[in-house]
1. Just one of 248, 196, 219, 205 is within 15 Å of the chain's Cα centre (by Cα) and modelled with pLDDT of 90 or more; which is it?
2. Which of the residues belonging to segment 221-263 are among the charged types (D, E, K, R) and touching a Lys or Arg at 6+ places or on another chain (Cβ under 9 Å)?
3. Taking segment 279-295 on its own, how many of its residues are open to solvent by 50 Å² or more (accessible area, probe 1.4 Å) and among the polar types (S, T, N, Q)?
4. Output the residue which, of all residues in segment 1-52 that are of a type in the set (Ser, Thr, Tyr) and open to solvent by 30 Å² or more (accessible area, probe 1.4 Å), is farthest from residue 199 (Cα to Cα).
5. Residues of segment 72-88 being of a type in the set (A, V, I, L, M, F, W, C) and under 17 Å from the mean Cα position of the chain (by Cα), which ones?
6. Any residue in segment 173-184 that is more than 20 Å from residue 89 (Cα to Cα) and out of contact with any Phe, Trp or Tyr (no Cβ under 6 Å at 6 or more places or on another chain)?
7. Scan the helices (runs of 4 or more DSSP H) fully inside segment 170-278 and keep the ones with 1 or more residues being hydroxyl-bearing (Ser, Thr, Tyr) and buried (at least 17 other Cβ atoms within 10 Å of the Cβ).
8. Could you please find all residues in segment 122-161 being modelled with pLDDT under 75 and exposed (fewer than 13 other Cβ atoms within 10 Å of the Cβ)?
Amino acid sequence: MTPGLSWNVVDDVQQLLSFPFMVNALRAGTIVAIVAGAIGYFMVLRRQAFVGHTLALIGFPGAAGATLLGISAGFGYFGFCIAGALIIAALPGAGRASGGLGRYGEESAVIGTVQGFALACGFLFVSLYKGFLSGLNDLLFGTIIGVTNSQVLVLLIAGVVALLVLAALARPLLFASVDPDVAGARGVPVRLVGAAFLVLLGVAAAGTSQVTGSLLVFALLVAPAAAASRLTARPAVGVLLSVVLALAVTWVGEAIAYFSPYPIGFWVTTLAFAVFLLASAYRTAADRRAGRARTTTPQLSGAS
């Protein structure tokens, strides 16, 4: 039976935190939101959303394969996502920030091929599983009741390592993302930096998949970062804002999912989409105000 939502927010929060599975879900969601918000900002900046989408889908065959072997799905998520990132980085035409239409098309073709093969492997693993794979929907759309203490610990270790590497890589990564050609001329190992970022993106996709499911990872990797990029052009502020937005949609989405019969992935995605629409509306209004101000200022100068 679905728990009832009352008008007393304090009672609702106490009810929500009275179950260990819900506390674990909030812990996992917090870790995932921070990692996805920070790494997602650079993914949007580098125009590598398709890579993130592919790595998220690669998590599905990883989790299905782990279930087939009788081990934790979390190991399958991380193993396949990191392996997929290394494969994409090693293939010609992939792993670099998009600096032109031709390079973008070449990269998309390579990544799309990897994505198709990974999905085929996922369906093979599901068909080889002789029993009823009751967790298939959870693998695809996420769940808030299946996060264990060991999964939270794995997410925490992976998240801390990923954020430390991102902090060490931030300056050359930002330089290589904004202008890869000039960064290469200044001695930045652009391809190596790009490969390292793909591994970080794989870790973020694997962690996020365990909360939102493989199909809805975009909700946390792309939407908060895309919204932040519309609200500020300053990278440091953008990363912080992306993390804050990811945390907000995750916490609220998990709370609503607890009090409703619908999956967490739907609520997190819906809230993230709403945040993106609001940020886009703000940017459009701000650009129009700035345009009117530029038009008015010369007229006033001419009149004086």
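The values are calculated or read from the model by the stated rules, or taken from the named source; none is laboratory data. Since we're looking at a predicted model, the values are computed, not measured. Here Cβ is always computed from backbone atoms with ideal geometry, including for glycine, and neighbour counts include all displayed protein chains. When the accessible area is computed, the model is the full protein with side chains, heavy atoms only, and any ligands, DNA or RNA have been set aside. Shrake-Rupley method; radii C 1.70, N 1.55, O 1.52, S 1.80 Å.
1. Values: 196 fails: within 15 Å of the chain's Cα centre (by Cα); 219 fails: modelled with pLDDT of 90 or more; 205 fails: modelled with pLDDT of 90 or more.
The match here is 248.
2. Step one: filter segment 221-263 for residues among the charged types (D, E, K, R), giving 230, 234, 254.
Once the filter is applied, which keeps residues that are among the charged types (D, E, K, R) and touching a Lys or Arg at 6+ places or on another chain (Cβ under 9 Å), segment 221-263 yields only 230.
3. 2
4. Keep residues of segment 1-52 that are of a type in the set (Ser, Thr, Tyr), which gives 2, 6, 18, 30, 41.
Imposing the further condition that a residue be open to solvent by 30 Å² or more (accessible area, probe 1.4 Å) reduces the set to 2, 6, 18, 30.
Working: 2: 39, 6: 44, 18: 37, 30: 21 Å.
Of everything passing the filter in segment 1-52, 6 is farthest from residue 199 (Cα to Cα).
5. Kept after step one, since they are of a type in the set (A, V, I, L, M, F, W, C), are these residues of segment 72-88: 73, 75, 78, 80-83, 85-88.
Across segment 72-88, the qualifying residues are 78, 80, 81, 82, 85.
6. Just the residues of segment 173-184 that are more than 20 Å from residue 89 (Cα to Cα), to begin with: 182.
Filter once more, so that each one left must be out of contact with any Phe, Trp or Tyr (no Cβ under 6 Å at 6 or more places or on another chain): 182.
Within segment 173-184, one or more residues are more than 20 Å from residue 89 (Cα to Cα) and out of contact with any Phe, Trp or Tyr (no Cβ under 6 Å at 6 or more places or on another chain).
7. Values: elements: 180-185, 190-212, 218-221, 223-231, 235-258.
Hits in segment 170-278: 190-212, 223-231, 235-258.
8. Narrowing segment 122-161 to residues modelled with pLDDT under 75: 130-147.
130, 131, 132, 134 - these are the residues of segment 122-161 that are modelled with pLDDT under 75 and exposed (fewer than 13 other Cβ atoms within 10 Å of the Cβ).
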